[in-house]
Every structure is written in structure tokens, then in C-alpha cells.
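See below for the structure under consideration.
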Amino acid sequence: MALFSSNAFNSLVLMLYLSIILILLPLSFASNKWGIPQSDVDLLEFPLNLEYLEAEFFLWGTLGYGLDNVAPELTGNGPEPIGAKIAKLSPFVRDVVAQFAFQEVGHLRAIKSTVPGFPRPLLNISSESFATVINSAFGRTLEPPFDPYANDINYLIASYVIPYVGLTGYVGANPNLQSPAAKRLVAGLLGVESGQDAVIRALLFEQAYVKVRPYGITVAEFTDRISYLRNKLGHAGLKDEGIVVKPSEGAEGRISGNVLAGDKDSLSFGRTPEEILRIVYGSGNESKPGGFYPKGAEGRIASHILDRMRHY
């Protein structure tokens, strides 16, 4: 008489097969309670660098205080930002940007509820930091130095500098995500980030040909120079456009107004983490911290890039 029936033998084989699969599954898929692959964790953590920057800039600009007062549990006891202060804004612009500020707090919570995250990196959002960006954009030193906190126009131009970079990062990360949880989170983040960018661009477009005092330079030229600088620093071709372009470069090659930036099919541009670091460091070099991140960005991706370059 056989020790095992055919059904019992098949069940045993199946159990052994499943056991082997479980053993061989990449450990990365057990990175958190959602079973998100480590590659997704890295791609979700990297944007925290930009979300921290946006949250602090918008909170301080509108309220005069930042995450340490609004949501200290999200800072991870990271250092307070350098040079943060309240901006001289009209009630309307203050209200709009304050909405952005609290949205960024939500973004931080959403990401850090999904992946481990990291403490707030050291951020430099001082007037001098933004003035350096603007001087680089124009290839000369503006006098007096550009002050992002001086008025509505200056603050909106400074706001133009930041959120769009994060938006392109989400677009660039999306095709590389594997898990439904990560894709769902990035889709939600991208929707609001792109909305913020659209509002900022629309408010600036309304005053596209107004000259920014005391420089005698139009708002449109400011955006064009900033976009050109980001393309230059990113080293990845055209992925950025100002609010006014040549008609041949606008949507369907038929219009110069460019409230929303996009490629020839009006699809959002995407950037890699390396491209983003080159831009936010202001150095054009993903391994050379500076700019808004004096000590560099945080997370496995940014740290790996720095470590990799140190070994060369």
C-alpha cells in the first residue's frame, strides 16, 4: 500500500514549491507593511527633500513660522531652515500660498506614513540663497539683491523656482514604480503639485509683461531665465519653459501663452533624481551639495550618489 495518495503527494509538492518561492522572494518586498519594494521606497523617500523645502518656504512666507510649530512630529528633529522669514504679501496671495503650505504638510505626512522617510535636511531659504539663483539665471548680479520676501511678485517668482522641480521628479519616477501603493501615492502627490505649479504660473502669466521693480525686467523674462537655468543645470535638454514662449514652441505650435509647460504633445516633462539634485544644489553636479541644500539632500538615492562619487 502506497504511503501517500496522489492528492496528498501533490499537496506536499505544492507546499514545498510555495515555501521555496517565499524564501527566494526579494527581501526588498518586505520593506514595510504594504510590502513595497525597496526601489519604490527609495523613489518615494527622495521627494521628501523637495516636500520639506516647499513646506518650509510656504509656511514661513505666509505664517512666519514653519514645521516646528505646525507639525513638529514630521521634522524628525532635523535642523531648522536657514534664513526663513515671513513675506510681505497681499491678503489674496497670502491665502493662496497658505493653502499650498498646509497641502505640503499633508504630503509629508502621506509619504512618511508609507515609507520610513528621514529627518528634515538642512535647508537654506534665505533671501541670499534665492538671490544667488536669480543672479545665476541672468548671468549678472542684480542690484539691489533680489529679495523673495519683499512683495507678491518677488514671492511668486521665488515660488516658480521650487515646486515645478518636484513635479518633474514625480513624472520621472512614475514609470519606475512597481507597487500599486506607490503608484497611487505618486499620482495623488503629482495631482496637487501640478495644480500648485499651474496656479503660480497663472498668477505670474496675468502679469507677464509687468516690470519687476527696480530691475525693469518683465515677469515673463524672469520665468524664461529661471527655466533656462534649470535646463542648463539639469544637463538633460529642454524640460523647462517660461510662461511666454515663441508661438512655434507653444501648444500645437500655435500660441505663445504657456501657462502650463509641456512637450510637443503637451505632456509634462520628467526628471531623474540626478537632474533634480543638479538643479536644487545650484551646481549642475549631483554630487556637489549647495544651493537650497548646504549639506546635501537625504535618503538612499541622494546618499548613494554622494558615496559613489567619493569613490571616483
#### Entry: Enumeration of residues in the stretch 77-97 that are in a loop (DSSP other than H, G, I, E, B) and open to solvent by 60 Å² or more (accessible area, probe 1.4 Å)
N77, P79, E80, K85, I86, K88
## Note on the structure
Going through (1) at pLDDT 95 or above; (2) surrounded by fewer than 15 Cβ atoms within 10 Å (Cβ to Cβ) one by one, G66 fails only at (2)
### Query
For I305, are the conditions met, namely being surrounded by fewer than 22 Cβ atoms within 10 Å (Cβ to Cβ) and at pLDDT below 95?
yes
### Task
Tell me, please, whether a residue that is among the polar types (S, T, N, Q) and either in contact (Cβ under 8 Å) with a residue 40 or more places away in the chain or touching a Ser or Thr at 6+ places or on another chain (Cβ under 7 Å) (or both) can be found in the stretch 281-288.
yes
### G195 surrounded by fewer than 16 Cβ atoms within 10 Å (Cβ to Cβ), closer than 21 Å to R271 by Cβ and free of Cβ contacts under 8 Å to residues at least 40 places away in the same chain
yes
### Query
In the stretch 198-211, how many residues are in contact with a Ser or Thr (Cβ under 8 Å, 6 or more places away or on another chain) and surrounded by fewer than 19 Cβ atoms within 10 Å (Cβ to Cβ)?
3
#### Entry: Residue selected from the stretch 218-237 under the condition touching a residue at least 24 places away in the same chain (Cβ under 8 Å) and not in a helix (DSSP H, G or I), by the criterion most open to solvent (accessible area, probe 1.4 Å)
H235
### Query
Only one residue in N174, N135 is under 17 Å from the mean Cα position of the chain (by Cα), open to solvent by 10 Å² or more (accessible area, probe 1.4 Å) and polar (S, T, N, Q). Which one?
N174
### Message
Just to be sure I understand the filter: pairs with C-beta atoms under 6 Å, separated by 6 or more residues or on different chains, first member in the stretch 240-255 and under 26 Å from G172 (Cβ atoms), second member open to solvent by 90 Å² or more (accessible area, probe 1.4 Å) and in a loop (DSSP other than H, G, I, E, B). Which pairs pass?
### Response
none
### Message
Taking the conditions exactly as written (outside any helix (DSSP H, G or I), on the phi < 0 side of the Ramachandran plot, open to solvent by less than 40 Å² (accessible area, probe 1.4 Å) and touching a residue at least 24 places away in the same chain (Cβ under 8 Å)), does A182 satisfy them or not?
### Response
no
### Task
Please enumerate the residues belonging to the stretch 289-312 that are of a type outside the set (A, V, I, L, M) and either within 16 Å of T168 (Cβ to Cβ) or in contact (Cβ under 8 Å) with a residue 40 or more places away in the chain (or both).
G291, F292, Y293, P294, K295, G296, E298, G299, R300
### Query
Which ones in the stretch 266-277 are under 16 Å from V165 (Cα atoms) and open to solvent by 40 Å² or more (accessible area, probe 1.4 Å)?
L267, S268, T272, E274
### Single residue of V192, V171 found to be β-branched (V, I, T), on the phi < 0 side of the Ramachandran plot and touching a Leu at 6+ places or on another chain (Cβ under 8 Å)
V171
### Query
Restricting the search to the stretch 99-132, which residues are open to solvent by less than 30 Å² (accessible area, probe 1.4 Å), of a type in the set (V, I, T) and in a helix (DSSP H, G or I)?
V105, I111
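The values are calculated or read from the model by the stated rules, or taken from the named source; none is laboratory data. Source: prediction; values computed, not measured. Every residue, glycine as well, gets a Cβ built from its backbone with ideal geometry; the counts of neighbours run over all protein chains shown. Each accessible area value is taken on the protein alone, full model and side chains, heavy atoms only, with ligands, DNA and RNA left out. Shrake-Rupley method; radii C 1.70, N 1.55, O 1.52, S 1.80 Å.
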